[in-house]
Amino acid sequence: KNIENSVLKTITAFINSEGGILIIGIDNNKEITGIQEDKFESIDRYNIHFNNIFKERIGKEFIPYIHSKDLILNEKTIFIIECAKSKRPVFLKVDGIEHFYVRAGAQTTEIAGSRMIEYIKNNFS
């Protein structure tokens, strides 16, 4: 659940910012760990699960802003999600509450209140 939240936060932030690429299965030390530890029966099941939680927690209307694919490196599967910038703000639902995330350099940051209103006003048409 924590990993799902982290992945969805990053994707939301990329879509709300300038886009970006998220690679699942490579750690911070650039070691290929793969997604096999997630214990899915197949990459298809992994993909289905990802798409389901994306639609449920971000929204199916934002699917056109992402493109996912799997790749095998050193006999391990990694999952790559390319995100494009949205034309309207995207929120992530966590326990029924909507959160707004953006990217600031290499960091995902939640913004709220007047800062969120100002960001949306300045970055979306």
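The values are calculated or read from the model by the stated rules, or taken from the named source; none is laboratory data. Please read all numbers here as calculations on a predicted model, not as lab measurements. Note that each Cβ is placed from the backbone with ideal geometry, even for glycine, and that neighbours are counted across all protein chains shown. Surface accessibility is based on the protein's heavy atoms, side chains included, excluding ligands, DNA and RNA. Shrake-Rupley method; radii C 1.70, N 1.55, O 1.52, S 1.80 Å.
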Residues satisfying the stated conditions in region 21-50, i.e. closer than 30 Å to Met116 by Cα and touching a Ser or Thr at 6+ places or on another chain (Cβ under 8 Å): Leu22, Phe50
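What are the residues in region 1-26 that are outside any helix (DSSP H, G or I) and either among the aliphatic types (A, V, I, L, M) or touching a strand residue (DSSP E or B) at 6+ places or on another chain (Cβ under 9 Å) (or both), if any?
Step one: list which residues in region 1-26 are outside any helix (DSSP H, G or I), which gives 1, 17-26.
Those that are outside any helix (DSSP H, G or I) and either among the aliphatic types (A, V, I, L, M) or touching a strand residue (DSSP E or B) at 6+ places or on another chain (Cβ under 9 Å) (or both): Ser17, Glu18, Gly19, Gly20, Ile21, Leu22, Ile23, Ile24, Gly25, Ile26.
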Of the criteria (1) modelled with pLDDT under 95; (2) surrounded by 12 or more Cβ atoms within 10 Å (Cβ to Cβ); (3) not basic (Lys, Arg); (4) not in a helix (DSSP H, G or I), which one Asn29 fails: (2)
For region 11-40, pairs from a residue that is of a type in the set (D, E, K, R) to a residue that is surrounded by fewer than 18 Cβ atoms within 10 Å (Cβ to Cβ), with Cβ under 6 Å and 6 or more apart or across chains, are Glu18/Lys85; Asp27/Thr33
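Across region 87-106, what is the total count of residues that are in a loop (DSSP other than H, G, I, E, B), touching a residue at least 12 places away in the same chain (Cβ under 8 Å) and within 15 Å of Lys55 (Cα to Cα)?
Initial filter on region 87-106 (in a loop (DSSP other than H, G, I, E, B)): 87-91, 95-96, 100, 105-106.
Right, trim to touching a residue at least 12 places away in the same chain (Cβ under 8 Å) and you get 87-91, 100.
Then keep just the ones that are within 15 Å of Lys55 (Cα to Cα); that gives 90-91.
Residues meeting the conditions: 2.
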Of those in region 59-82 that are in contact with a Ser or Thr (Cβ under 6 Å, 6 or more places away or on another chain) and either open to solvent by less than 60 Å² (accessible area, probe 1.4 Å) or in contact (Cβ under 8 Å) with a residue 40 or more places away in the chain (or both), the residue nearest to Gly19 (Cα to Cα) is Tyr65
Name every residue in region 101-123 that is more than 30 Å from Thr33 (Cβ to Cβ) and either aliphatic (A, V, I, L, M) or open to solvent by less than 30 Å² (accessible area, probe 1.4 Å) (or both), in order of residue number. Ile111, Ala112, Met116, Ile117, Ile120
Let me spell it out: the conditions are (1) touching a Phe, Trp or Tyr at 6+ places or on another chain (Cβ under 6 Å); (2) closer than 17 Å to Asp38 by Cα, and Ile78 meets all of them except one. Which number is the exception? (1)
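Just to check your reading of the model, which residue among Phe50, Phe40, Phe54 is of a type in the set (Phe, Trp, Tyr) and not in a helix (DSSP H, G or I)? Break it down into steps so the answer makes sense when it comes.
On the way: Phe50 fails: not in a helix (DSSP H, G or I); Phe54 fails: not in a helix (DSSP H, G or I).
Result: Phe40 is the single residue among Phe50, Phe40, Phe54 that is of a type in the set (Phe, Trp, Tyr) and not in a helix (DSSP H, G or I).
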Residues located in region 88-106, provided they are at pLDDT below 95 and either more than 14 Å from the chain's Cα centre (by Cα) or of a type in the set (S, T, N, Q) (or both): Asp95, Gly96, Ala104, Gly105
